[in-house]
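Visitor: Below you'll find the structure I mean.
The values are calculated or read from the model by the stated rules, or taken from the named source; none is laboratory data. Small disclaimer: the values here were computed from a predicted structure and weren't measured. Cβ: placed from backbone, ideal geometry, glycine included. Neighbour counts: every protein chain shown. Surface accessibility is based on the protein's heavy atoms, side chains included, excluding ligands, DNA and RNA. Shrake-Rupley method; radii C 1.70, N 1.55, O 1.52, S 1.80 Å.
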Amino acid sequence: MEQPPPPPSKSWSIHTRREITIKYEILERVGAGAYSDVYKARRRSDSATVALKEVHDYQSAFREIEALQTLQNCPNVVFLHEYFWSEDEDAVLVLEYLPTDLAAVVKSAKKDWDGGITAGEVKRWMVQILRGVDACHRNSIVHRDLKPSNLLISADGVLKVADFGQARILLAPGFVDVGAYNQFGELHSPNQATFPQPTETFPRLEGQSTQERVERSSEKGAAEPEDLRMGEFPTDVDEESVTHDGAASCLATCTTSDLEDPFQHPYSYEAEGRVDGNAPLTSCVGTRWFRAPELLYGSTNYGLEIDLWSLGCIFAELLSLEPIFPGTSDIDQLGKIFSILGNVTEEVWPGCVHLPDYNIISFGKVEKPTGIEACLGNRSPDEVLLVRKLLSFDPASRATAMELLHDKYLNEEPLPVPISELRVPSKHGGGDEDYSVDWNDYEGLQSDSDFEDFGPSLVTTTENGFSIRFS
């Protein structure tokens, strides 16, 4: 399958940008993707360690900065200290440095830890993940690429949701009161560097709220956090500029008119939709193993619920130390989901017949689906139920992050261990050679391979064009 073209080459690099190197000593490159590079750096004024993320795509950088500014006071979201952005140059985000991730936790538990991850550790990781995702959702931010390698962890065990390059703000955010999280007694990482906060802010939309179910399951904070604005977005964008929706998304385009004044209209900067909150999005987001079935069926009218499905996949992996749906293509991904959960029908998912690709691709009936219980081995009924609440075909039936924070499983013995008792690997999980597909192989997880790879199929003509049936 042909891969998307790389971003256009530049005549400069982060090492030659005086405004950055005068403040930060760049130590080493610690991560690289199709549309961004990450460097470990030291702030010259006080030797604080930070991460410099050089983003090669305009819209991806805009999305990430916008989301992180909104979420900057949330203890389980990566902290944006400042950013650099000038005409004809990539954005460089200065983020707190987090040395490892949840993929490394799973990898270490599988290879090196006798007994795997204890129940108390699993619960503490889950609580931190849920708090980060709840902060996003209460601010109407859908992450769209939740997976273990995007859940970064500090050396002392504080987990933070990261990589908001595919995030979308669905409505004007309802700001989070960080005091709402005191139930679990978690704080910012004590190793987080302290940076001065500017007072200048940019305009916000007024009078809009988050989605109804999230409102019902949580109390919104009344105070608006101070915004962080250390740089300016350019206003002159190439007529044919292209965004790739982060490292693992389909193609979308924008023009100068879309980006006329990004701070005057902060939620209209991308070509996917409009400010009214009802516009279609793109279905080609997220890494395949964690992609919700509505996305696999081509839906462009989804919401926060796609993140909840991803959480179900992440939690299942925390419990079993194996990916639950490791599809090799979008078709194979659906097949693996059906083999465990059974077929999609109107009975289990009202309205599924209206999904764009529902009548295009169909599968033979799965007579005896494996079931989530079998995938989770000897895990308790409460653990299985927690995953089941998230891995529901019907998006409306998926439990919200706040609902799960109050779930019986997380609030009974054994209780979540203190953060100080978590075992923390020293390195990122990144490329696990034992996986059939690398965690960071975005291209491999994004694109369908040829249909003939998946056994016998029947192609028939329909009023929508054609139908492909896999047996």
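Visitor: Kindly check whether there is at least one residue in the stretch 57-64 that is at pLDDT below 95 and open to solvent by 20 Å² or more (accessible area, probe 1.4 Å).
Guide: yes
Visitor: Hey, another quick one. Of the residues S392, S397, which single one is open to solvent by 50 Å² or more (accessible area, probe 1.4 Å), within 22 Å of V142 (Cα to Cα) and hydroxyl-bearing (S, T, Y)?
Guide: Details: S392 fails: open to solvent by 50 Å² or more (accessible area, probe 1.4 Å).
Exactly one residue qualifies, and that residue is S397.
Visitor: Do we have S397 as under 30 Å from I331 (Cβ atoms) and in contact with a strand residue (DSSP E or B) (Cβ under 6 Å, 6 or more places away or on another chain) here? First the steps, then the outcome.
Guide: Details: under 30 Å from I331 (Cβ atoms): yes; in contact with a strand residue (DSSP E or B) (Cβ under 6 Å, 6 or more places away or on another chain): no.
For S397, the condition - under 30 Å from I331 (Cβ atoms) and in contact with a strand residue (DSSP E or B) (Cβ under 6 Å, 6 or more places away or on another chain) - is not met.
Let's see how each residue does on (1) open to solvent by 10 Å² or more (accessible area, probe 1.4 Å); (2) more than 27 Å from N411 (Cα to Cα); (3) at pLDDT below 90:
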| position | (1), (2), (3) |
| --- | --- |
| L146 | no, no, no |
| I153 | no, no, no |
| D156 | yes, no, no |
| K160 | no, no, no |
| D163 | yes, yes, no |
| A167 | no, yes, no |
| D177 | yes, no, yes |
| Q183 | yes, no, yes |
| L187 | yes, no, yes |
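Visitor: Another one. Could you tell me whether P326 is more than 23 Å from K110 (Cβ to Cβ), open to solvent by 20 Å² or more (accessible area, probe 1.4 Å) and not aromatic (F, W, Y)? I'd like the intermediate steps shown before the answer.
Guide: On the way: more than 23 Å from K110 (Cβ to Cβ): no; open to solvent by 20 Å² or more (accessible area, probe 1.4 Å): yes; not aromatic (F, W, Y): yes.
Taking the combined requirement at face value, the residue does not satisfy it.
Visitor: Separate question: Condition first: modelled with pLDDT of 95 or more and among the basic types (K, R). Now tell me which residues in the stretch 288-316 satisfy that.
Guide: Matches in the stretch 288-316: R291 only.
Visitor: Name every residue in the stretch 1-27 that is among the hydroxyl-bearing types (S, T, Y) and either open to solvent by 100 Å² or more (accessible area, probe 1.4 Å) or modelled with pLDDT under 95 (or both), in order of residue number. Talk me through it step by step, then tell me what you get.
Guide: Taking the stretch 1-27 first, the residues among the hydroxyl-bearing types (S, T, Y) are 9, 11, 13, 16, 21, 24.
Answer for the stretch 1-27, where residues must be among the hydroxyl-bearing types (S, T, Y) and either open to solvent by 100 Å² or more (accessible area, probe 1.4 Å) or modelled with pLDDT under 95 (or both): S9, S11, S13, T16.
Visitor: For the stretch 332-359, how many residues meet the condition of being touching an Asp or Glu at 6+ places or on another chain (Cβ under 7 Å), open to solvent by 10 Å² or more (accessible area, probe 1.4 Å) and not in a loop (DSSP other than H, G, I, E, B)? Let's see the steps before the verdict.
Guide: Of all residues in the stretch 332-359, those touching an Asp or Glu at 6+ places or on another chain (Cβ under 7 Å) come to 348-350, 352-353, 355.
Restricting the remaining residues to those that are open to solvent by 10 Å² or more (accessible area, probe 1.4 Å) gives 348-350, 353, 355.
If we keep only those that are not in a loop (DSSP other than H, G, I, E, B) as well, we get 353.
The qualifying residues number 1.
Visitor: Also, quick follow-up: Kindly indicate whether P416 is under 24 Å from L318 (Cβ atoms), modelled with pLDDT under 95 and either polar (S, T, N, Q) or out of contact with any Pro (no Cβ under 8 Å at 6 or more places or on another chain) (or both).
Guide: Numbers: under 24 Å from L318 (Cβ atoms): yes; modelled with pLDDT under 95: no; either polar (S, T, N, Q) or out of contact with any Pro (no Cβ under 8 Å at 6 or more places or on another chain) (or both): yes.
Criteria not met by P416.
Visitor: Please state which one of I324, I306, I340 is under 17 Å from V387 (Cβ atoms), within 12 Å of the chain's Cα centre (by Cα) and not aromatic (F, W, Y). Working first, answer last.
Guide: Working: I324 fails: within 12 Å of the chain's Cα centre (by Cα); I340 fails: within 12 Å of the chain's Cα centre (by Cα).
One residue alone meets the criteria, I306.
Visitor: Within the group L71, L102, which residue is open to solvent by less than 10 Å² (accessible area, probe 1.4 Å), in contact with a Leu (Cβ under 6 Å, 6 or more places away or on another chain) and modelled with pLDDT of 95 or more?
Guide: L102
Visitor: Looking at (1) of a type in the set (A, V, I, L, M, F, W, C); (2) modelled with pLDDT of 95 or more; (3) open to solvent by 50 Å² or more (accessible area, probe 1.4 Å), which is the only condition V30 fails?
Guide: All conditions are met except number (2).
Visitor: Now for a separate question. Given (1) touching a Phe, Trp or Tyr at 6+ places or on another chain (Cβ under 9 Å); (2) surrounded by fewer than 24 Cβ atoms within 10 Å (Cβ to Cβ), where does D37 come up short, assuming only one miss?
Guide: Condition (1) is where D37 drops out.
Visitor: Now for a different question. In this structure, is K53 of a type in the set (K, R), in contact with a helix residue (DSSP H, G or I) (Cβ under 9 Å, 6 or more places away or on another chain), closer than 20 Å to P99 by Cβ and at pLDDT 95 or above? First the steps, then the outcome.
Guide: Working: of a type in the set (K, R): yes; in contact with a helix residue (DSSP H, G or I) (Cβ under 9 Å, 6 or more places away or on another chain): yes; closer than 20 Å to P99 by Cβ: yes; at pLDDT 95 or above: yes.
Yes, satisfied.
Visitor: Quick check: is even one residue across the stretch 317-338 modelled with pLDDT under 95 and basic (K, R)?
Guide: Taking every residue of the stretch 317-338 in turn, none turns out to be modelled with pLDDT under 95 and basic (K, R).
Visitor: Next question. Kindly establish whether F451 is farther than 25 Å from K147 by Cβ, among the hydrophobic types (A, V, I, L, M, F, W, C), at pLDDT below 95 and surrounded by 16 or more Cβ atoms within 10 Å (Cβ to Cβ). Before you say what the answer is, go through the steps one by one.
Guide: Working: farther than 25 Å from K147 by Cβ: yes; among the hydrophobic types (A, V, I, L, M, F, W, C): yes; at pLDDT below 95: yes; surrounded by 16 or more Cβ atoms within 10 Å (Cβ to Cβ): no.
The answer is no for F451.
Visitor: Now for a different question. Would you say T255 is within 17 Å of the chain's Cα centre (by Cα), modelled with pLDDT under 90 and farther than 30 Å from R124 by Cβ? Can you show your working first?
Guide: On the way: within 17 Å of the chain's Cα centre (by Cα): no; modelled with pLDDT under 90: yes; farther than 30 Å from R124 by Cβ: yes.
So T255 fails the test.
Visitor: List every residue pair whose Cβ atoms sit under 6 Å apart, with the two residues 6 or more apart in sequence or on different chains, where the first one lies in the stretch 382-409 and is in contact (Cβ under 8 Å) with a residue 40 or more places away in the chain and of a type in the set (K, R) and the second, anywhere, is in a helix (DSSP H, G or I) and open to solvent by 10 Å² or more (accessible area, probe 1.4 Å).
Guide: Every condition considered, the pairs that remain are R398/E305.
Visitor: For the stretch 107-130, give me each residue that is over 15 Å from I314 (Cα atoms) and touching a Lys or Arg at 6+ places or on another chain (Cβ under 8 Å).
Guide: Across the stretch 107-130, the qualifying residues are S108, W113, G116.
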